[in-house]
Amino acid sequence: MKPAKPEQQVCTHLRTPVPFADALDLERGLLAEVCDAGTGQARALVWRTPRAIIVPRGLPSRGYFDKARAAVEVLGYPVHERDTGGDLTPQDPGVVNLSLCFMLTGQEASIAHAYGRLTAPVLAFLRETYGIEGHVASIPGAFCDGAYNVAVNTSKLGGTAQRWKLLGGEGATRRVGVLAHVALMASNELDGAIGALNAFYAASGTERRIERARHVSLAELIGEDRAGASHVAQALSAYLKRTLTG
């Protein structure tokens with residue numbers, strides 16, 4: 001049974017894990033609502049999903065995909081395709097996902113600005129709630145590495161992605177709807193997940209491998225008693241409801 005469509009509010013928190021396909025549907029609906037509104041308040045969805053390996057759009061068409069999928073499914077990691085590009089990422093009920101939808105116009109319609117809109121409240125949440133001084137950086141050796149990881153020191157704490165819907169205009173009148181996503185590693189088990197990622201790569205015939213030492217979870221930073229994913233998700237949702245503006 002699919003979860004109900006979120007009401008139009010600043011932040012919706014799904015308190016129990018939902019199937020990944022349902023989470024994608026809710027993200028698409030949230031982006032459509034923001035685009036239909038045209039301007040105004042950003043909207044957020046905080047959610048978790050069962051354990052899986054998430055692959056970028058188009059990867060299932062590759063010739064090696066079935067063999068690689070079988071290699072991780074036997075380890076207990078189903079494989080799902082997402083709407084965005086990038087690389088393999090793990091999911092788990094211990095991962096807290098934030099999907100943030102908003103409008104950008106004119107010169108603000110840039111990849112860097114969109115990631116800034118996503119990561120600024122996340123970094124502020126980590127600092128104000130847990131005393132963690134994070135930053136945005138590339139972490140070579142991390143899964144799905146990019147320039148806008150949420151990092152603590154030299155370790156990846158969260159991965160980011162974004163998808164745009166072009167709404168018309170050029171130059172100063174350009175308008176886009178943005179779905180930006182961050183997956184924060186709260187209390188998920190990293191060793192098994194990274195082992196599954198590397199099994200996928202090995203079965204696909206590539207030499208790429210992910211380094212466990214390049215990742216950190218909130219549980220490792222502040223202790224398991226404070227970093228339970230359900231509690232972190234609730235705290236993040238409450239923080240966004242207090243602070244998020246259009």
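Each reported figure results from applying straightforward, stated rules to the coordinates on display, with no laboratory input. These figures come from a predicted structure and were not determined experimentally. Because the Cβ atoms are built from the backbone with ideal geometry, glycine has one as well, and the counts that use them run over all protein chains shown.
Things worth noting here:
- Across the chain, Cα pairs under 8 Å and at least six residues apart give a relative contact order of 23 percent.
- All other residues whose Cβ lies under 10 angstrom from that of residue 77 are scored, Lys and Arg at +1 and Asp and Glu at -1, for a net of 0.
- Our helix-only sum for the chain, with -39,500 (n - 2.57) per DSSP H run of n ≥ 4 divided by its residues, gives a mean residue ellipticity at 222 nm of -10500 deg cm²/dmol.
- In the chain, the alpha-carbon atoms span a convex hull of 126 Å³ per residue.
- Residue 156 long-range amide H proximity, modeled H, under 5 Å: 215, 216
- In segment 117-168, taking the dipole from charged Cβ atoms about the Cα centre, the farthest positive-side position among 126, 162, 143 is held by 162.
- P(r) for segment 1-114, from all Cα pairs and a bin width of 10 Å, is 12, 38, 32, 15, 2 %, short bins first.
- Each Lys or Arg adds one and each Asp or Glu subtracts one; over the other residues with Cβ under 13 Å from the Cβ of residue 95, this totals +1.
- Tensor-based shape of segment 49-195 (alpha-carbon gyration tensor, a/c under 1.5 rounded, otherwise prolate or oblate): oblate
- Net charge of the neighbourhood of residue 137, taken over other residues with C-beta under 12 Å away and scored Lys/Arg +1, Asp/Glu -1, is +1.
- Net charge dipole size for the chain [Lys, Arg +1 and Asp, Glu -1 on Cβ; Debye, nearest 20]: 340
- Counting other Cβ atoms within 10 Å as a rough exposure proxy, the listed residues 100, 14 run 14, 100 from fewest neighbours to most.
- Nonlocal amide H pairs with residue 64, under 5 Å, H built at 1.01 Å: none
- Segment residue 165..residue 127, full-extension length gain: 10.5 nm, with 0.36 nm per residue of separation and the alpha-carbon distance subtracted.
- DSSP bridge pairs, the chain: antiparallel proportion in percent, nearest 5: 85
- Tensor-based shape of segment 159-246 (alpha-carbon gyration tensor, a/c under 1.5 rounded, otherwise prolate or oblate): oblate
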